[in-house]
Amino acid sequence: MAEPSTAAPPAAWTYDPRPRRPDWGLYAPTLKLASMGHPIRQAPLPAEAVIPLGHARGSARPLVSPGDHVLTGQPVGSDAAAAVHASITGTVVAVEPRPVPGQAAMPCVVLRRTDPEHFWPDLAAADPARLAPEEIAAHIAAGGIVGLGGALFPTAVKLQPGRAIRALVINGAECEPWISCDEMLLRERAASVIRGTRIMMRALGTQRAVIAVEADMPEARVALADRLQAEADDHIGIAVVTAKYPAGGERQLIELLTGEQVPSGGLPRDIGYVCQNAGTAAAVADLFDTGRPLISRIVTVTGGAISAPGNFEARIGTPLADLVAAAGGYSVTAQRLLMGGPMMGIALADASLPVTRATNCLVAAAAGELAPPQPELPCIRCGECVQVCPARLLPNELLGALVRGDAAALAELGLADCIECGSCDYVCPSAIALTPRFAAARAAATSGTGR
């Protein structure tokens, strides 16, 4: 493993019209404009909310039972890393496993809405300046805040004391096609993102932060710059990175910003950085400024089958079908539904599943917008997958090791460093589904089940 750098981060992150152009990754059509023609809209409150209790580190313990009446913002799941809260006022109708995007069943609290809406009376603003760093992290955990980029990693865990942090990185580099929720957030709520950044800087004990946006996000960059200039804050910088997929990957973003690489098998903290999503920063600000826990998130609703694509702030647990209706319904038959984008998204059988804390986008693709799966052909050893891999792996060699069932070779070839971005699938002329194979092998290795 490489030795962690002790060098200071760049003295100032400023606008660079010619950001680093990595030799990895690919340029894919962004397909974002259709969903960015309107300001963020509020989705209607759902009649029923299915609220998942899980996150990347486990699952919360339910605090309610069927028949209980709960208020909006009331804790319904207890977890030291990320609590879970009622997203609507209503009656608990079930506490049971329910299907959610990407999982056949996850423990959920099911609420049926009652009107009028009432917020839990214990919700209150908090002054981070009066709190110690560990108290800030504990408050964020109690607020149920997790990484809103899709990984659901508890935010408070990343803010725990440990190795000295040279800089906090706020990831606004929304590189996946179709998805525009973070860009719209940065355009419209730059102040909240900056406020949340400062709060997390205090929790980490660092004096430096950078908010990263892509080169094709000028409006977001200007909104951030105007706000930082108005506040005369020189502790937070703005950096522009290339609009190349997957520039928004945590490791890839740090490399583009600093020229440093996170060690294989390591974490950004190992070289002095912590990375948080822009939406997460805004949620942190909302928690401290209003007392409101994470009960909603912004979701892009887009695709050629959607009548009026846009971005909606939706309560957690809202059926995805409600967001389709809020976007004008279907204009044509949706040939495919995805939660997320076409590179890393999750295929959905229908839109009955709920919005989770990981739901950044719903794509309803019309005929011809997403290529149907093609029959796989033998690998021709062209090396295209090697050229685009952002983790600098050898996907063709990993595939061979998988076919042989060679666990030692998989480890030596760096399977654990695969970020499952789908770049290798995108360029493979033989239509080999590499990423699903790698994801399954990584999950098996993590669970200790072998191949």
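Descriptive notes on the structure:
- The residues of the stretch 47-83 that are of a type outside the set (Ser, Thr, Tyr), assigned to a loop (DSSP other than H, G, I, E, B) and over 23 Å from the mean Cα position of the chain (by Cα), listed by number, are ALA47, LEU63, VAL64, PRO66, GLY67, ASP68, LEU71, GLN74.
- Residue in the stretch 396-416 that is under 23 Å from the mean Cα position of the chain (by Cα), assigned to a loop (DSSP other than H, G, I, E, B) and not assigned by TED's automatic domain parsing to the domain that holds GLN252 present: no
- Of the residues THR206, THR280, the single one that is among the hydroxyl-bearing types (Ser, Thr, Tyr) and in a helix (DSSP H, G or I) is THR280.
- As a summary of the residue check, ALA334 satisfies the conditions (1) closer than 25 Å to PRO29 by Cα; (2) modelled with pLDDT under 95 except for the one numbered (2).
- Taking the criterion of being within 18 Å of the chain's Cα centre (by Cα) and assigned to a helix (DSSP H, G or I), the residues of the stretch 243-277 that qualify are GLU250, ARG251, GLN252, LEU253, ILE254, PRO268.
- Residue match in the stretch 187-197 (condition: out of contact with any helix residue (DSSP H, G or I) (no Cβ under 8 Å at 6 or more places or on another chain) and either touching a residue at least 12 places away in the same chain (Cβ under 8 Å) or buried (at least 24 other Cβ atoms within 10 Å of the Cβ) (or both)): no
- Condition met for PRO218 (touching a helix residue (DSSP H, G or I) at 6+ places or on another chain (Cβ under 8 Å) and surrounded by fewer than 18 Cβ atoms within 10 Å (Cβ to Cβ)): no
- Residue in the stretch 336-348 that is more than 30 Å from LEU434 (Cα to Cα) and not aliphatic (A, V, I, L, M) present: no
- Residue in the stretch 164-176 that is closer than 23 Å to PRO75 by Cβ and assigned to a loop (DSSP other than H, G, I, E, B) present: no
- A search for C-beta distances below 8 Å between a residue of the stretch 67-82 that is surrounded by fewer than 17 Cβ atoms within 10 Å (Cβ to Cβ) and any residue that is outside any strand (DSSP E or B), counting only pairs 6+ apart in sequence or on different chains, returns HIS69/THR114; SER78/ALA60; SER78/LEU63; ALA80/ALA141.
- Inclusion of ALA351 among residues that are more than 30 Å from LEU413 (Cα to Cα) and surrounded by fewer than 20 Cβ atoms within 10 Å (Cβ to Cβ) is warranted.
- Matching entry among PRO293, PRO268 (being surrounded by fewer than 24 Cβ atoms within 10 Å (Cβ to Cβ) and more than 24 Å from PRO177 (Cβ to Cβ)): PRO268
- The stretch 87-123 - residue that is surrounded by 22 or more Cβ atoms within 10 Å (Cβ to Cβ) and more than 21 Å from the chain's Cα centre (by Cα) and, of those, farthest from MET339 (Cα to Cα): GLY90
The values are calculated or read from the model by the stated rules, or taken from the named source; none is laboratory data. The structure displayed is predicted, hence computed values, not measured ones. Heads up, the Cβs are rebuilt from the backbone with ideal geometry, glycines too, and the neighbour counts pull from every protein chain shown.
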